[in-house]
Amino acid sequence: AEYMGDFLFFLLANCMFQSKTMKGAPHARIGDGACDLLYIQNASRRQLLSLFMGMDSGKHLSSPVVVYSKCRAMRLEPEPDPDATMGVDGERIAYGPVNIEVH
């Protein structure tokens, strides 16, 4: 599947928990050969707050602004922006296209 458009947040994970209590990818399994991709399309501040509060229980997946799917590969192509930054797992990376694959 391909998505072209703006999003506010995305998460790519191979395990269900991203912290002690945050279950951002509740269907993720380490050994299933896939990553779980979640992204939030245009949402209000109120919706975002509700989504992040619901991540402990997995309730965020029922929101119409959340897209969740399994994938074996993805490519992120950000629009040019001289002031933008990108990070992976808290580390800054070069701003530009990123390819990710499960091996």
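Brief remarks follow.
- Considering each residue of the range 56-73 in turn, at least one proves to be within 28 Å of Ala94 (Cβ to Cβ) and in a loop (DSSP other than H, G, I, E, B).
- Here Ala94 qualifies as open to solvent by 60 Å² or more (accessible area, probe 1.4 Å) and either over 15 Å from the mean Cα position of the chain (by Cα) or polar (S, T, N, Q) (or both).
- Test: residue in the range 4-23 that is in contact (Cβ under 8 Å) with a residue 12 or more places away in the chain, open to solvent by 60 Å² or more (accessible area, probe 1.4 Å) and farther than 20 Å from Asp89 by Cβ: yes
- The single condition from (1) loosely packed, with under 10 Cβ neighbours inside 10 Å; (2) modelled with pLDDT of 90 or more; (3) not aromatic (Phe, Trp, Tyr) that Cys71 fails is (1).
- Cβ-Cβ under 9 Å pairs, at least 6 apart or on other chains, the range 87-100 side closer than 14 Å to Ala13 by Cα, far side modelled with pLDDT of 85 or more and open to solvent by 90 Å² or more (accessible area, probe 1.4 Å): Ile100/Arg75
- Selection count where residues are under 21 Å from Lys20 (Cα atoms) and touching a Leu at 6+ places or on another chain (Cβ under 7 Å), scope the range 49-67: 1
- Among (1) at pLDDT 90 or above; (2) out of contact with any Gly (no Cβ under 7 Å at 6 or more places or on another chain), the one test that Leu38 misses: (2)
- The residues of the range 36-55 that are open to solvent by 20 Å² or more (accessible area, probe 1.4 Å) and not in a helix (DSSP H, G or I), listed by number, are Leu37, Tyr39, Gln41, Asn42, Ala43, Ser44.
- Each residue in the range 74-103 was checked for being assigned to a strand (DSSP E or B) and not basic (Lys, Arg), and 11 of them qualify.
- Residue list for the range 76-89, restricted to those being open to solvent by 60 Å² or more (accessible area, probe 1.4 Å) and within 23 Å of Arg29 (Cβ to Cβ): Val88, Asp89
The values are calculated or read from the model by the stated rules, or taken from the named source; none is laboratory data. All values reported here derive from a predicted model rather than from experimental measurement. Reconstructed Cβ throughout: ideal geometry from the backbone, glycine too, with neighbour counts over all protein chains shown. Areas reflect the complete protein model, heavy atoms only, side chains present, ligands, DNA and RNA absent. Shrake-Rupley method; radii C 1.70, N 1.55, O 1.52, S 1.80 Å.
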